[in-house]
Amino acid sequence: MNGADQVNRPIASGTGNAKVIVLGEHAVVHGSPALAAAMTNGCEVKIEPWDGPSHVLLAEGAFECASNHPVATALGRALANVELPTPVRVTPHFSVPVGAGLGSSAAFAVALSRALASFCAPRTLDRGLVVQAVEGCFHGRPSGLDAYLAEQGGIGSFTRAEGFTPLRLPALNFVVINTGIQRETSTQVNRVSDLLTRFPNIVSPIFATIAEIVRDGIRFWQNNNLKDLGTCMNINQGLLDALGVSHPANQRAVELARASGALGAKLTGAGGGGCVLALTDCAETADRIANGFASGAAFATVLGEDK
Ligand code: MEV
């Protein structure tokens, strides 16, 4: 049977949210808090039965689970936890840049687990195992923040020990700028872990300072003190650079955003390229800053909620 014959067969789908970390990435892996928000876009996964080996269909082609494409490998590990009634074609559609610090792998993991739950009998499926299997492929030692936000959405603070605490925060205007440089989260996370092992007396206080930045940043946001929240983002960027996870492309985007009127700017997510997040005073400034970058490289977004 070819693909055309299969169009009338049932298709299952699921979605997962992308996210932005406003303050505290990397330190959160080692127990500090982070402040983060889900985005409304992310990943949608469609699953259809297929005659032939299970595979993932990406823009660059179809990859069987046994191939060494990272998404196919992740799919293979996820499917090892599932009793499938038939082989499948899995088609993810991403509405955020992939491998850019916006939680696309967790969004894929959650979307896939939801689609599989709807495709198989849900009680035969442990969605948590599917999410863990996919996240484990891209990540080494995830804090759990990306997976939580991909699943639950919302805005709030997160620690490994206490999980997610939702916060009511007024709506603020940000810009997300994609440097276009892709990197592996696991490489970036390992880089920080190595630094901690080699220089514990230096790196632990950096984590402690980032924890203070997160706590103060939340207070400044709650009080609508945008100027000091922006300064917290700038200090956080300096410390992420000290941890070795920034990149000249991050620094260039941060400086351009600040010079164009952002109140604060920093990398968001794992760094080493990926995305930069900039805080602005209003929607017009956010649009103007976004339009100052190459076409399609930046977009304005609102985090928090209107009272
Ligand atoms: C990745 O989006 C954020 C990191 O803090 C890793 C994690 O929290 O698992 C770098």
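The values are calculated or read from the model by the stated rules, or taken from the named source; none is laboratory data. Bear in mind the structure is a predicted one, so any value in this text is a computation, not a measurement. Every residue, glycine as well, gets a Cβ built from its backbone with ideal geometry; the counts of neighbours run over all protein chains shown.
For the range 64-78, a residue qualifies if it is out of contact with any Leu (no Cβ under 8 Å at 6 or more places or on another chain) and of a type outside the set (Gly, Ala, Ser), and the qualifying residues are 64, 68, 70, 73, 77. So for the range 77-89 (the condition being in contact with a helix residue (DSSP H, G or I) (Cβ under 8 Å, 6 or more places away or on another chain) and within 16 Å of the ligand (Cβ to nearest atom)), does at least one residue qualify? No, that holds for no residue. Looking only at residues in the range 133-166 that are farther than 12 Å from residue 105 by Cβ and without any contact (Cβ under 8 Å) to a residue 40 or more places away in the chain, the one that is farthest from the ligand (Cβ to nearest atom) is 166. Candidates in the range 167-182 are the residues that are surrounded by fewer than 21 Cβ atoms within 10 Å (Cβ to Cβ) and within 16 Å of the ligand (Cβ to nearest atom); of these, the one that is farthest from the chain's Cα centre (by Cα) is 181.
Within the range 177-194, residues that are in contact (Cβ under 8 Å) with a residue 60 or more places away in the chain reach partners that are away from the ligand (no atom under 14 Å from the Cβ) and among the aromatic types (Phe, Trp, Tyr) with beta carbons closer than 8 Å, at six or more positions or on different chains, in the pairs 177/293. Scanning the range 270-307 for residues being outside any loop (DSSP other than H, G, I, E, B) and either more than 29 Å from residue 192 (Cβ to Cβ) or away from the ligand (no atom under 16 Å from the Cβ) (or both) gives a total of 18.
The rows are residues; the columns are (1) in contact with a His (Cβ under 6 Å, 6 or more places away or on another chain); (2) at negative phi; (3) of a type in the set (Ser, Thr, Tyr).
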residue	(1), (2), (3)
51	no, yes, no
64	yes, yes, no
83	no, yes, no
87	no, yes, no
103	no, no, no
152	no, yes, no
160	no, yes, no
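What is the number of the single condition among (1) in a helix (DSSP H, G or I); (2) within 16 Å of the ligand (Cβ to nearest atom); (3) at pLDDT 95 or above that residue 35 does not meet? Only one criterion is unmet by residue 35, namely (1).
Only strands (runs of 3 or more DSSP E) wholly contained in the range 49-128 count here; list those with 2 or more residues that are without any contact (Cβ under 8 Å) to a residue 12 or more places away in the chain and over 19 Å from residue 142 (Cα atoms). Break it down stepwise before answering.
Working: elements: 55-58, 61-64, 88-94.
Filter on the range 49-128 gives 61-64.
Exactly one residue out of 240, 267 is part of a strand (DSSP E or B) and within 16 Å of the ligand (Cβ to nearest atom), and it is 267.
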